[in-house]
Amino acid sequence: MSAHDLAPRSDFAALYMEHHGWLVAWLRRKLNGADHAVDLAHDTFVRILCQPDQKRAPLQEPRAYLTTVARNLLINYVRRQSLEQAYLDVLAQLPEAQTPSPETRLMLLETLHEIDAMLDGLPSKAREAFLLSQLEGLTYAEVGERLDVTVRTVKRYMAAAFEQCILLLDDAA
């Protein structure tokens, strides 16, 4: 390994040592002191470390960059927590005889997270068209009316959504 290959690693080590404590404190403030701040700070640095070396150039404003990466992870974390809480609320309303096993619960929760990630990858109108069609059972014409677009546009939205579903299945396989 040459000195050139070690430079990005030493830059990363310096970034970590100089800003880890600050980032944990920043995340604790955002999370109202939650212990998850350490995990999110760790995930932030892992995300940066996993970038190709050419994207990990020396930073002019490291805290601004760390904040941006951490904020995106924080948004994902909060959304996951919200989704999990909604799922648990629904489970709490089920009669005990219909409550799924812990293994089934975990599998369903993982599937919900995957669907959420798939929907998050869609433009807002395509996501709304997909949800109206699949969850509310509206026809493409009804979806088009609701979204004030043509049936042809609804078909394009649905094609994009189904493509995301196929990509999700491919990733799972």
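Each value in this text was obtained by applying a stated rule to the coordinates, not by laboratory testing. No experiment lies behind these values; they were computed from the predicted model shown. Virtual Cβ from ideal backbone geometry, glycine too; neighbours counted across all protein chains shown.
Take the eigenvalues of the Cα gyration tensor for segment 47-142, scale each by 5, and report the square roots as semi-axes in whole Å, largest first. All intermediate terms of the calculation are to be shown ahead of the outcome.
On the way: eigenvalues 242, 91, 26 Å².
Equivalent ellipsoid of segment 47-142: 35, 21, 11 Å, largest first.
Once you have a ≥ b ≥ c as the square roots of the Cα gyration tensor eigenvalues for segment 91-173, tell me rounded if a/c is under 1.5, and otherwise prolate or oblate according to whether a/b is larger than b/c. Note, shape of segment 91-173 comes out oblate.
Using a Förster radius of 22 Å, what is the FRET efficiency between LYS125 and ALA34 based on their Cβ-Cβ separation? Nearest 0.05, please.
Computed FRET efficiency for LYS125 and ALA34: 0.05.
Debye-formula intensities of segment 62-112, expressed as log10 I(q)/I(0) at q = 0.16, 0.17 Å⁻¹, are -0.58, -0.61 (one equal scatterer per alpha-carbon, no solvent). Against the chain, whose longest principal axis is taken from its Cα atoms, helix 36-49 shows a tilt of about 80°.
Just want to confirm a number: the relative contact order over the chain, from Cα pairs under 8 angstrom separated by 6+ residues, in percent.
So the answer I get is 14 percent.
The slack in the chain from LYS155 to TRP22, taken as 0.36 nm per residue of separation less the alpha-carbon distance, amounts to 43.1 nm.
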